[in-house]
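K.L.:
Just passing along the structure, written as structure tokens.
Any read-out appearing in this document is the output of simple, stated calculations on the displayed coordinates, not a laboratory observation. Nothing here was measured: the structure is a model prediction, and the numbers come from that model. Cβ placement follows ideal geometry from the backbone for every residue including glycine, while neighbour counts extend to all protein chains displayed.
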Amino acid sequence: MREVRQRDGSLDEALSRAADGGRLTAGECLSAAQDADLLELATAADAVRRRLNPARAVTYVVGRNVNYTNVCWVRCKFCAFYRVPGSDGGYVLPIEAILQKIEEMVEVGGTEVLLQGGLNPSLKIDWFEGLFRAVKQRFAGKTVTLHALSPAEAIYIARISRLTLSETLDRLRATGLDSMPGGGAEILTDRVRREISPYKDTADEWIDCMRVAHGLGIRTTATMMYGSIDTWEDRVEHLMRIRDLQDETGGFTAFIPWSFQPDGTELGGSRAGATDYLRTVAVSRLALDNVPHMQASWVTQGPRVAQIALGYGLDDFGSTMMEENVVSAAGCRFTMPIEELERQIRAAGYGAIRRDTQYKPVPGAEA
Ligand code: SF4
């Protein structure tokens, strides 16, 4: 149970300032997270959401996750998806199989391919250049957005291809990379990263990768995986790092908090609950006054909690996905067809608007 603390008027003042468009300090974010009632947080976060996204509508994108390989040497303790190189069950999807998956997405009107995978020592930059060229050639004249490669992947491709990160991203963009997912952020403090993913990029490397991408005109999302060994101090530090970089570059389109899924992972433990999710969504919305959109993680929370979270600062329901292999490996198996996703949005009292990866409405697809 949450500790009940004495509070003075400063938290009320901070929450109403945030609702009116003012900025919270890190200390005020922490105080909001630890001391504010859930409904107070909802009221203030919803005011921020309505200022940034005034329409009583929730956006979503029709897309597909494609996990091109599960081979990964990094062995993050929170991950149930990877297979170490040379072990049974490891795969690399043939390019033709990836094209077929995208074809299926295009057939149902999808536009966004979320392409992510493990850090596979056998896949250097030429493999990705070949894949991206093949996608763009096969779907020429159609809207197929390659939302591909989180910072850990991009950094590793650069390393094993003996290129700088800037050269790597520039070459990938030239062959078809449109935007990047902000995965692998976990919690951007080295204390947490050392414990849960000791061989992965550091917090500074994740931020630097996003800085380079934004500098090249590649827009990205940002995520936060909370609920493992992190404290609220860690989460607030994470939010401040995202906010600082956004002040510098303006390159983040959206922020996506989601909770650690423990099944089958080395870390194990319990799953963070709905209340923690709602509190985390609201504090994120209050802290990130410069990030335009906040995306639901219905795949980890389930559609009911995602619906409730629309009153806590979210304005986007994310992707229809069609296929999900990463958190489902850790015991989380929610999926939703397009019609059901739209129904969930409307049942929560909002209009449903289909968008592209850059959050622009898809003409003719308004529900
Ligand atoms: S989270 Fe990513 S980098 Fe870490 S083990 Fe899983 S696939 Fe590899």
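K.L.:
Return one number: the angle in degrees, 0 to 90 and rounded to the nearest 10, between the long axis of the Cα atoms of helix 38-52 and the longest principal axis of the Cα atoms of the chain.
P.N.:
Orientation of helix 38-52: about 60 degrees from the principal axis.
K.L.:
Continuing with this model, one more query. Relative contact order for the chain using alpha-carbon pairs under 8 Å, separation at least 6, rounded to a whole percent?
P.N.:
Rounded, it is 23 percent for the chain.
K.L.:
I've got another one for you. In degrees between 0 and 90, to the nearest 10, how far off the longest principal axis of the chain does helix 95-107 point, with axes built from Cα atoms?
P.N.:
Tilt of helix 95-107: around 50 degrees.
K.L.:
Got a sec? Charge dipole of the chain, +1 on Cβ for Lys and Arg, -1 for Asp and Glu; which of G110, L216, I229 is way out at the positive end?
P.N.:
Comparing the listed Cα positions along the dipole, G110 ranks first.
K.L.:
Rank by packing, highest mean first: peptides 89-102, 190-203, 280-293, with packing defined as the count of other Cβ atoms within 10 Å averaged across residues.
P.N.:
Answer by packing, highest mean first, reads 280-293, 190-203, 89-102.
K.L.:
Charges at C-beta only: +1 for Lys and Arg, -1 for Asp and Glu. How large is the resulting dipole of the chain about its Cα centre, in Debye rounded to 20?
P.N.:
Roughly 540 debye, rounded to the nearest 20.
K.L.:
Can you find, among W206, S297, G130, the residue farthest towards the positive end of the dipole of region 30-354? Put +1 on the C-beta of Lys and Arg, -1 on that of Asp and Glu.
P.N.:
G130
K.L.:
Hey, another quick one. Quick check on the chain: helices-only [θ] at 222 nm, where DSSP H runs of length 4 and up contribute -39,500 (n - 2.57) each and the sum goes over total residues. Nearest 500, please.
P.N.:
That calculation yields -13000 deg cm²/dmol at 222 nm.
K.L.:
Neighbouring Cβ atoms within 10 Å as the yardstick, rank S16, S122 fewest first.
P.N.:
By the 10 Å Cβ count, ascending, the order reads S122, S16.
K.L.:
While we're on this one: By its C-alpha gyration tensor, with a ≥ b ≥ c as the square roots of the eigenvalues, how is the chain shaped: rounded for a/c under 1.5, else prolate for a/b larger than b/c, else oblate?
P.N.:
Judged from the Cα gyration tensor, the chain comes out prolate (a/c at least 1.5, a/b above b/c).
K.L.:
Turning to a different aspect of this structure: Which ordering of L115, L267, L278 is given by a fewest-first count of other beta-carbon atoms within 10 Å?
P.N.:
Listing L115, L267, L278 from fewest to most nearby Cβ atoms yields L267, L278, L115.
K.L.:
Here's a follow-up. Mind counting lysine pairs for me in the chain? Cα separation below 17 Å, and the two need to be 8 or more apart along the chain or on different chains.
P.N.:
Within the chain, the lysine pair count is 4.
K.L.:
What angle do you read, to the nearest 10 degrees and between 0 and 90, between the alpha-carbon axis of helix 274-287 and the longest principal axis of the chain?
P.N.:
For 274-287 against the chain, the angle is about 90 degrees.
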